Amino acid sequence: MTEMTLVQAVNDALRTALQSDDRVILLGEDIGKNGGVFRATEGLQARFGEQRVVDTPLAEAGIIGTSVGLAAGGMKPIPEIQFMGFIYPGFEQIVSHVARLRMRSRSRFTAPMVIRVPYGGRIRAPELHSESTETFFAHTPGLTVVTPSNPYDAKGLLLSAVQSDDPVIFLEPMHIYRSFRQSVPEEPYIVPIGSAQIVKPGRDVTVITWGAMVRDVLDATAKVEATRGIEVEVIDLRTLAPWDEETVFASVNKTGRAVIVHEAVLNLGLGAELAARISEECVLQLEAPVTRVGGLNVPVPLFQLEDLHAPTHARIQRGIDKVLDF
């Protein structure tokens with residue numbers, strides 16, 4: 001076991017993938033010589049060469065389009081988009097070609113590729129560097145969407161994604177890239193895609209979240225438990241599409257109350273789908289309406305107000321109080 005940050009775990013997973021499968025190729029802006037804007041690919045070009053860790057032009061549509069061709073030709077590309085706000089020029093390639101290649105070719109071709117995308121805010125970056133638009137991709141049939149909340153899951157989920165025969169959008173929460181360390185096995189391992197994790201068991205209310213918000217939720221729930229004498233169950237969704245309905249429904253049926261917390265704006269966020277499905281499947285066990293706590297319905301503001309855009313501990317606590325007091 002080695003103590004790693006989340007970004008170090010990503011780097012270790014990429015090294016493992018390159019070393020174990022000659023079909024794996026990395027491509028993206030500044031990922032080679034400079035090691036990427038967050039140094040997630042640091043040292044990999046020096047170790048594996050310029051043919052497998054490829055610096056590309058600043059052209060997201062070209063990066064994704066090239067990856068489609070590589071994937072259809074038998075390679076396993078792992079393109080990096082520097083920030084989620086930069087993915088939009090490549091969006092047409094993703095929804096029209098990456099997601100549809102298997103269906104369009106009647107499985108003659110697939111798109112075994114992993115699109116790595118740093119996402120989320122609270123890193124003091126300029127406009128279009130702090131997006132949380134995971135719903136775009138979770139809404140698109142043919143795409144799997146994954147996001148880790150810790151270094152262990154980052155390595156295991158990324159290696160699991162590389163093994164997939166279909167495309168995976170791998171969202172990396174920038175806010176916690178280097179905020180803490182965790183013991184990570186040096187040998188290869190996988191965390192199954194499609195499986196949520198109960199990171200904290202409880203009996204009175206279920207809180208469902210993912211990515212960087214997991215740590216915020218754990219901090220907020222600790223305060224609620226201390227003041228109200230209740231137990232909160234916290235679920236890290238880990239895979240956003242397809243999400244783990246079995247784990248979520250079982251938890252809500254047990255507690256009778258559900259709160260969904262995400263950094264993306266509240267309007268039409270993934271929390272709306274979760275709330276709808278929980279209301280459909282758990283209606284007879286619900287003791288209160290499902291509550292959502294999300295980002296404000298405005299573009300992510302600049303530095304001074306940025307921390308108020310994502311759910312604060314106070315807003316998360318109010319969401320829990322709301323379902324408890326119904």
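The values are calculated or read from the model by the stated rules, or taken from the named source; none is laboratory data. Remember, predicted model here, so these are calculated numbers, not experimental data. Backbone-built Cβ (ideal geometry, glycine too); neighbour counts: all protein chains shown.
Could you please let me know if Thr110 is among the polar types (S, T, N, Q), part of a loop (DSSP other than H, G, I, E, B) and closer than 30 Å to Leu274 by Cβ? Yes, satisfied. Determine whether region 135-153 contains at least one residue that is surrounded by 24 or more Cβ atoms within 10 Å (Cβ to Cβ), assigned by TED's automatic domain parsing to the domain that holds Val24, charged (D, E, K, R) and in contact (Cβ under 8 Å) with a residue 24 or more places away in the chain. No, the conditions are met nowhere in region 135-153.
Between Gly121, Gly211, the distinction of being part of a loop (DSSP other than H, G, I, E, B), crowded, with 22+ Cβ neighbours inside 10 Å, in contact (Cβ under 8 Å) with a residue 12 or more places away in the chain and in contact with a Pro (Cβ under 6 Å, 6 or more places away or on another chain) belongs to Gly211 only. Taken over region 27-51, residues that are more than 19 Å from the chain's Cα centre (by Cα), within 23 Å of Glu187 (Cα to Cα) and not basic (Lys, Arg) amount to 8.
Six or more apart or on different chains, Cβ atoms under 6 Å: show the pairs whose first residue is in region 39-60 and acidic (Asp, Glu) and whose second is outside any loop (DSSP other than H, G, I, E, B). Between residues of region 39-60 that are acidic (Asp, Glu) and residues that are outside any loop (DSSP other than H, G, I, E, B), the close pairs are Glu60/Phe86; Glu60/Pro89; Glu60/Gly90.
Just to be sure before I move on: is Glu263 crowded, with 19+ Cβ neighbours inside 10 Å, at pLDDT 95 or above and outside any loop (DSSP other than H, G, I, E, B) in the structure I sent? Let's see the steps before the verdict.
Working: crowded, with 19+ Cβ neighbours inside 10 Å: yes; at pLDDT 95 or above: yes; outside any loop (DSSP other than H, G, I, E, B): yes.
So Glu263 fits the description; yes.
Sub-8 Å Cβ pairs linking a first residue in region 171-182 that is in a strand (DSSP E or B) to a second residue that is polar (S, T, N, Q), at least 6 apart or interchain, are Leu171/Thr147; Glu172/Thr147; Pro173/Thr147; Pro173/Ser149; Gln182/Asn150, ordered by first then second residue. Here Thr227 fulfils each of the conditions (1) part of a loop (DSSP other than H, G, I, E, B); (2) surrounded by fewer than 24 Cβ atoms within 10 Å (Cβ to Cβ); (3) of a type in the set (S, T, N, Q) apart from (1).
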